[in-house]
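The values are calculated or read from the model by the stated rules, or taken from the named source; none is laboratory data. Being a predicted model, the structure only gives us computed values, none of them experimental. As a convention, Cβ positions derive from the backbone with ideal geometry for all residues, glycine included, and neighbour counts pool all protein chains shown.
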Amino acid sequence: MKQKQTEHQKELQHIIDQEVLLSGFSGTVLVTQHDQTLAAAACGQANVAEERINQLNTRFGIASGSKLFTAVAICQLAEQGKLSFDGKVLEVLHEQKFPLFSPEITVHQLLTHSSGIPDYFDEEVMDDFAALWEDIPMYTLRRPGDFLPLFAALPMKFTPGDRFHYNNAGYIMLGLIVEAVSGMNFTDYVEQHIFQPCGMKDSGYFALDALPANTALGYIDSETGENISNIYSIPVVGGGDGGAFVTAADMKKLWTCLLGHKLLQPETTALLLTPHIHEDEDTYYGYGVWITIRNGGVLKYHLMGSDPGVSFRSAVYPASGVTFTALCNRSRGTYRMMQVAEKNLLLN
């Protein structure tokens, strides 16, 4: 039995390695089952000019994959009795100015992208994330409150609770709530109450203009074919809606701690992982996490992130105990790596 499992690992590793070569993937991939590594790969360059290659322990930005951290922070504060999921958001953020927002918006609606508030980057009508910084320079965005001029004075899109509409601004507001009720900077809270308890020692909300060692720069393609850094295309510091940096090993630790109830009580963990709202076909959304339902059960809990120069996928498959993480410092590539792993492991 052990030999058969070893041969399967070799086959998966070979398939991952081949896909890396064929696609020109730049990043890291880690596939585990319980505490055993099934496949791992690191390829491409973390810094093109210095010809520094990506390693298995290289840190990568994960864009919207960070929303899970925000959701966990909110759930922790709810466990402490400092807020309620049914609580009215504008009652918590009473010092902020949202003149056209409905007073009926709840924390639960922000968590599930059903609040109806306007987004600062509305994916239904916008496709150029970098264009946001023409009026407000990206280097000024270092705290959740710095994002408010981008959306706080805009009108509601729909009545709170009406439907799902993916919304980055909602998670900015959740970051503001974390700061308001905890008395801490949002990024400090996540690092102290989520990363540290999980042993995610290589993860953090690093500033693009002060990245620590062993961190991959994000690259976007130019019309001339040059490798252009993404430092002028995304906020200089991440926040409630995205922008953390992690390693593949740290994401494995995050899943282990979350599902092992090291971050939240079992009932709160179950609430976070509940398919609260239907997004499309077999896809649902919990609190900060996507959920795929097949044949009446959960196929996977998964995270995704995409920014200029950032591509990220991470998932846990509860029936098999498999976890998958792909981190990439290009604008695309991780979805294909996930598809390859799922097909080989019969997870899809």
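Do we have Gln18 as farther than 21 Å from Gly175 by Cα and out of contact with any strand residue (DSSP E or B) (no Cβ under 8 Å at 6 or more places or on another chain) here? Criteria met by Gln18. Of the residues screened, Leu100 is one that is of a type in the set (A, V, I, L, M) and more than 26 Å from Asp307 (Cβ to Cβ). Quick one: is Lys97 in contact (Cβ under 8 Å) with a residue 40 or more places away in the chain and not in a loop (DSSP other than H, G, I, E, B)? No: the conditions fail for Lys97. Where helices (runs of 4 or more DSSP H) fall wholly inside region 237-348, the ranges with 2 or more residues that are more than 17 Å from the chain's Cα centre (by Cα) and under 30 Å from His8 (Cβ atoms) are 334-345.
Annotation: of all residues in region 303-330 being polar (S, T, N, Q) and out of contact with any Ser or Thr (no Cβ under 6 Å at 6 or more places or on another chain), the one that is surrounded by the fewest Cβ atoms within 10 Å (Cβ to Cβ) is Ser320. Screening region 38-82 for residues that are without any contact (Cβ under 8 Å) to a residue 12 or more places away in the chain and in a strand (DSSP E or B) and picking the one that is nearest to Met337 (Cα to Cα) gives Ile53. Looking at region 285-295, is at least one residue at pLDDT 95 or above, surrounded by fewer than 20 Cβ atoms within 10 Å (Cβ to Cβ) and within 30 Å of Asp221 (Cα to Cα)? There is at least one residue in region 285-295 that is at pLDDT 95 or above, surrounded by fewer than 20 Cβ atoms within 10 Å (Cβ to Cβ) and within 30 Å of Asp221 (Cα to Cα). When you look at Tyr301, is it at pLDDT 95 or above and within 25 Å of Glu179 (Cβ to Cβ), yes or no? Criteria not met by Tyr301.
Of all residues in region 7-37, those that are within 25 Å of Leu259 (Cα to Cα), free of Cβ contacts under 8 Å to residues at least 60 places away in the same chain and of a type outside the set (D, E, K, R) total 3. Of the residues making up region 131-168, those that are in contact with a Phe, Trp or Tyr (Cβ under 7 Å, 6 or more places away or on another chain), part of a helix (DSSP H, G or I), within 14 Å of Gly243 (Cβ to Cβ) and not aromatic (Phe, Trp, Tyr) are Leu132, Met138, Pro144, Asn168.
For region 224-255, filtered to residues that are polar (S, T, N, Q) and in contact (Cβ under 8 Å) with a residue 40 or more places away in the chain, the residue that is surrounded by the most Cβ atoms within 10 Å (Cβ to Cβ) is Thr247. Just for region 270-318: of the residues that are in contact with a Cys (Cβ under 9 Å, 6 or more places away or on another chain) and of a type in the set (Phe, Trp, Tyr), which one is nearest to Val72 (Cα to Cα)? Checked region 270-318; the qualifying residue nearest to Val72 (Cα to Cα) is Tyr287. A Cβ distance below 8 Å, combined with a sequence gap of six or more or placement on separate chains, defines the contacts here; from region 182-207, residues that are free of Cβ contacts under 8 Å to residues at least 40 places away in the same chain and outside any helix (DSSP H, G or I) reach residues that are buried (at least 18 other Cβ atoms within 10 Å of the Cβ) and of a type outside the set (D, E, K, R) in the pairs Met184/Val178.
Of all positions in region 158-180, none carries a residue that is surrounded by fewer than 16 Cβ atoms within 10 Å (Cβ to Cβ) and free of Cβ contacts under 8 Å to residues at least 24 places away in the same chain.
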